[in-house]
Amino acid sequence: MNVFIAGGTSGIGYSLAQHYLEKDFQVGVCGRDLTKIPQNNYQNLKTFEADVCDMDALVSAVKNFLPNKENLDLFINCAGSYAEDVARNISYEEAEEMLRTNILGTVNCFEVARNFMKDQKSGKIAVIASVSGILDYENSSLYTKTKRSVIQIADAYRRALKPFGISVTTIAPGYIDTQKLRDLNHNDLSKKPFLMDVKSATEIISQAIEERKKFIIFPRKMKWMMKSLALLPSSLLNIIMFKKAKWMKND
Ligand SMILES: NC(=O)c1ccc[n+]([C@@H]2O[C@H](COP(=O)([O-])OP(=O)(O)OC[C@H]3O[C@@H](n4cnc5c(N)ncnc54)[C@H](OP(=O)(O)O)[C@@H]3O)[C@@H](O)[C@H]2O)c1
């Protein structure tokens, strides 16, 4: 099995890479900063410096991962940009990076994956969105709006790629204990409800991909909380989510 993970240099992406390497699969990961990859002894791991916003770099990374035109069995897009933008402004640079990585990067990953898979008439593509993307309310953060777009972009590709035997799995995690989440929260995750460790998240994600699930939301308690909130009128949701954001920021 050949598995390529965009955004595999740290966090959820690297944990998924480890999961597939331990199964003896061939794994390629890309990211912008390869020095983030922990020291390891994996023989089957190939690493590529590539930004998902740079289509040529992404194509060349996957080509180099499969030098003899082997099948691309699974492409996972974990590349994502997030900042703590609840109840506060984020900088223009952060907003631009978030929009480019989460939206343009998502489209680029789908395009690259489908081009490599279409003649095979098989393959699996997965993308990491976020549980926050299932809620539709006016005052949601830019991050939430980009992840809502990720869910919708994935829906469009799922429909388009089905005739080619290619499945699309959208992953909507709640809070996962990664270094990035810790860095953004001064190492204090006490206000992140239903926080899950990255290894458990990896098991859930890989199983959903294996079963070609269309869409998964986890942890289960977070799923039911968000589904209940989604039933509320947008105006009430705005107030609840604003208060939650203020509480999280100790405002
Ligand atoms: N942790 C959570 O609580 C949580 C919850 C819901 C959803 N998510 C989503 O899960 C994904 C992974 O998050 P994480 O917590 O594991 O954070 P992370 O460790 O920062 O992982 C993000 C990965 O994406 C790569 N990346 C970022 N921008 C990129 C770009 N333009 N081109 C290529 N690679 C890029 C990063 O590598 P480089 O820096 O080397 O480029 C890194 O490997 C993100 O999409 C995030 O939105 C996370």
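The values are calculated or read from the model by the stated rules, or taken from the named source; none is laboratory data. Just so it is clear, the model here is predicted, and its values are computed rather than measured. Note that we place each Cβ from the backbone using ideal geometry, even for glycine, and neighbour counts take in every protein chain shown.
Details
- Count - residues of the stretch 225-237 that are assigned to a helix (DSSP H, G or I) and farther than 21 Å from LYS192 by Cβ: 3
- With respect to (1) buried (at least 19 other Cβ atoms within 10 Å of the Cβ); (2) not in a helix (DSSP H, G or I), the lone exception for LYS192 is condition (1).
- The set of residues from the stretch 103-116 being of a type outside the set (Ser, Thr, Tyr) and closer than 18 Å to LEU16 by Cβ comprises GLY105, CYS109, PHE110, VAL112, ALA113.
- Positions within the stretch 182-192 being of a type outside the set (S, T, N, Q) and either touching a strand residue (DSSP E or B) at 6+ places or on another chain (Cβ under 7 Å) or without any contact (Cβ under 8 Å) to a residue 12 or more places away in the chain (or both), in sequence order: ARG182, ASP183, HIS186, ASP188, LEU189
- Residues of the stretch 154-188 that turn out to be assigned to a helix (DSSP H, G or I), crowded, with 21+ Cβ neighbours inside 10 Å and within 14 Å of the ligand (Cβ to nearest atom), as a count: 1
- Unique residue being closer than 17 Å to ALA245 by Cβ, among the polar types (S, T, N, Q) and in contact with a Ser or Thr (Cβ under 6 Å, 6 or more places away or on another chain) when the list is THR144, THR202: THR144
- The combined condition, being more than 8 Å from the ligand (Cβ to nearest atom), surrounded by fewer than 13 Cβ atoms within 10 Å (Cβ to Cβ) and free of Cβ contacts under 8 Å to residues at least 60 places away in the same chain, is not fulfilled by ASP136.
- Pairs linking a residue in the stretch 1-19 that is without any contact (Cβ under 8 Å) to a residue 12 or more places away in the chain to a residue that is near the ligand (Cβ under 8 Å from one of its atoms) and among the hydrophobic types (A, V, I, L, M, F, W, C), with Cβ atoms under 8 Å and 6 or more positions apart or on different chains, do not occur.
- Qualifying residue in the stretch 197-219 (condition: at pLDDT 95 or above and touching a Leu at 6+ places or on another chain (Cβ under 6 Å)): yes
- A count restricted to the stretch 195-213 and to residues that are within 12 Å of the ligand (Cβ to nearest atom), crowded, with 16+ Cβ neighbours inside 10 Å and not small (Gly, Ala, Ser) stands at 4.
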